[in-house]
Amino acid sequence: MISESNRIEYKRELTDGLEKEVIAFLNYREGGYIYIGIEKNGEIVGLLDADSDQLRIKDKLKHNILPSCMGLFDVVLERKEDKEIVKIIVASGSEKPYYQQKYGMTEKGCYIRVGSAAEPMPQKQIDEFFAKRTRNSISKIKSNRQDLVFEQLKIYYEAKGHYLNDKFATNLELLNADNDFNYVAYLLADSNGTSMKVAKYKGRNRVELIENNEYGYCSLIKSTKQILDKLELENKTFSTITSKERINKRLWNPVALREAVINAIVHNDYTHEIPPKFEIFSDRIEITSAGSLPDNISQSEFFEGISVPRNKELMRIFKDLDLVEQLGSGIPRILESYGRESVTFTGNFIRMSFMSSADVHDAQIIEDNIKAEMGGAIGGQIGGQIGGQIGGQIGGQIGGQVDELTDKQREVYNLILDNPSISRAKIMEKIGINKSVIQKYTEVLKRKGFIERIDGTRGYWKIIKK
């Protein structure tokens with residue numbers, strides 16, 4: 001095991017001193033990790049009831065620390081050497097100094113990480129932190145509308161097995177100090193004035209716009225899911241033929257793309273009412289969020305995954321809804337596929353640019369594969385050079401058998417196989433793809449001889465081959 005350090009603390013068991021350790025990391029510029037179930041020397045002893053300890057930890061941190069640290073910590077169950085331990089991930093907070101509620105903002109209540117220990121914070125440092133405390137956050141900005149409704153948010157929580165009671169606005173920190181709805185509430189409400197755009201250009205610059213979609217004026221959660229669905233459709237699969245095999249690749253790594261989208265939305269600076277934007281070019285996708293790096297965090301620390309959430313209230317809700325996995329995990333996941341050069345920092349924005357695996361402007365590989373999959377009849381020389389007329393020679397190299405199905409085609413086919421009476425609308429609902437694309441997939445299945453439609457729109461699907 002790695003020994004204790006300025007960012008790592010070991011505790012044999014859950015004790016009453018946990019809040020002190022967490023506060024020390026909240027006040028520390030880099031945050032840190034606390035492992036429960038490990039001796040100071042690194043020996044793993046495990047916990048007898050890790051599930052119960054997780055609940056106790058969340059309760060302690062929620063009720064005993066001020067300002068609220070909800071959204072700034074994550075409690076994760078891990079298994080090491082066949083023993084269960086709990087890892088607490090603590091981000092650096094933006095409302096320093098954090099303190100134990102029962103002692104107040106005093107030397108007895110405030111702590112900071114010094115080396116591998118949590119030390120009381122001198123009163124002078126407490127006063128300095130308080131003077132610099134971030135006040136212009138979206139949790140403190142009053143919403144210009146107070147007639148907000150949250151049915152969409154409630155539906156998303158219920159889908160995850162959570163039910164919002166009458167005090168959900170307080171529990172989710174959607175109210176400011178005067179008990180009015182804040183800007184966080186405004187962003188999450190069913191109706192608001194915030195919209196995010198997904199623009200698509202023909203070439204490598206912004207000269208020729210071919211598509212401009214708006215996703216917004218609704219709950220930020222709904223907008224996020226709509227953008228993720230849209231980019232999933234745009235993230236086409238294309239094929240490269242080698243001497244031995246056909247290799248299928250996507251335009252962009254789907255894991256990195258999803259992390260970049262979520263990061264841009266959760267960490268965007270909404271105080272100037274500028275939403276993130278998403279732009280697709282022939283050779284890349286660009287994701288731009290408003291706001292520079294948090295104070296005191298360097299670019300190298302950013303790439304190391306040190307987390308200082310700009311909008312902890314949004315982070316907490318996105319975590320509740322499983323849109324975020326763990327604090328600080330996003331950037332390391334992105335760097336597994338794209339280098340540091342993919343990120344550009346300015347004084348006001350952060351932009352991530354992911355180059356496409358294929359340049360559709362030059363090679364037209366993706367366009368040719370879409371034609372082969374959804375377009376006209378597949379003919380000519382399959383597996384060789386196919387180009388030209390739809391129905392004759394369709395552009396691009398297509399390897400494999402005529403009846404080979406993509407993952408999405410196979411998903412549609414399996415639904416039909418299970419229920420030959422299923423409608424296209426029902427397929428759309430189950431898979432989450434728009435109706436026109438479902439129509440194209442079923443046309444491909446018919447053309448490849450898998451299914452046949454009997455009696456039109458009021459009929460059913462006849463299975464031709466299994």
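In table form, for the structure just shown:
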{"read-out": "Within the range 26-101, trypsin sites (Lys or Arg not before Pro) in DSSP loop having at most 12 other beta-carbon neighbours inside 10 Å", "value": "LYS40"}
{"read-out": "Helix-only CD estimate at 222 nm, as mean residue ellipticity for the chain, using -39500 (n - 2.57) per DSSP H run (n ≥ 4)", "value": "-9000 deg cm²/dmol"}
{"read-out": "Residues in the range 87-113 that a label on ALA177 would reach, taking backbone N under 12 Å of a point 7 Å out along Cα→Cβ", "value": "none"}
{"read-out": "Quarter of Cα convex hull surface for the range 13-148, i.e. mean projection, nm²", "value": "10.0"}
{"read-out": "Exceeding the 19 Å Cα-Cα cut-off - candidates LYS200/LYS277; LYS140/LYS222; LYS236/LYS319; LYS58/LYS319; LYS11/LYS102", "value": "LYS140/LYS222; LYS236/LYS319; LYS11/LYS102"}
{"read-out": "Length added when fully stretched, ILE2-ILE463, from 0.36 nm per residue minus Cα-Cα", "value": "160.1 nm"}
{"read-out": "Net charge over other residues, Cβ less than 14 angstrom from the Cβ of ASP418 (K, R count +1; D, E count -1)", "value": "+3"}
{"read-out": "Solvent exposure of the chain as accessible area per residue, Å², 1.4 Å probe", "value": "49"}
{"read-out": "The chain - percent relative contact order, Cα under 8 Å, separation 6 or more", "value": "11"}
{"read-out": "Spatially proximal aspartates and glutamates relative to LYS448 (Cα-Cα < 20 Å; intrachain offsets below 8 disregarded)", "value": "GLU367, ASP368, GLU373, ASP403, GLU404, ASP407, GLU411, ASP418"}
{"read-out": "Charge dipole of the chain about the Cα centre (unit charges at C-beta), most positive-ward option of VAL90, MET315, GLY203", "value": "GLY203"}
{"read-out": "Stretchable slack from GLN439 to VAL45, in nm (0.36 nm times residue separation minus alpha-carbon distance)", "value": "136.1 nm"}
{"read-out": "Cα Rg over Rh - the chain, Kirkwood", "value": "1.03"}
{"read-out": "Percent carbon-and-sulfur accessible area, the chain, ignoring ligands, DNA and RNA, probe 1.4 Å", "value": "46"}
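The values are calculated or read from the model by the stated rules, or taken from the named source; none is laboratory data. Computed from a predicted structure; not experimentally measured. Counting neighbours? That spans all protein chains shown, and the Cβs are built from the backbone with ideal geometry, glycine included. Side chains are part of the model used for accessible areas, which takes the heavy atoms of the whole protein and leaves out ligands, DNA and RNA. Shrake-Rupley method; radii C 1.70, N 1.55, O 1.52, S 1.80 Å.
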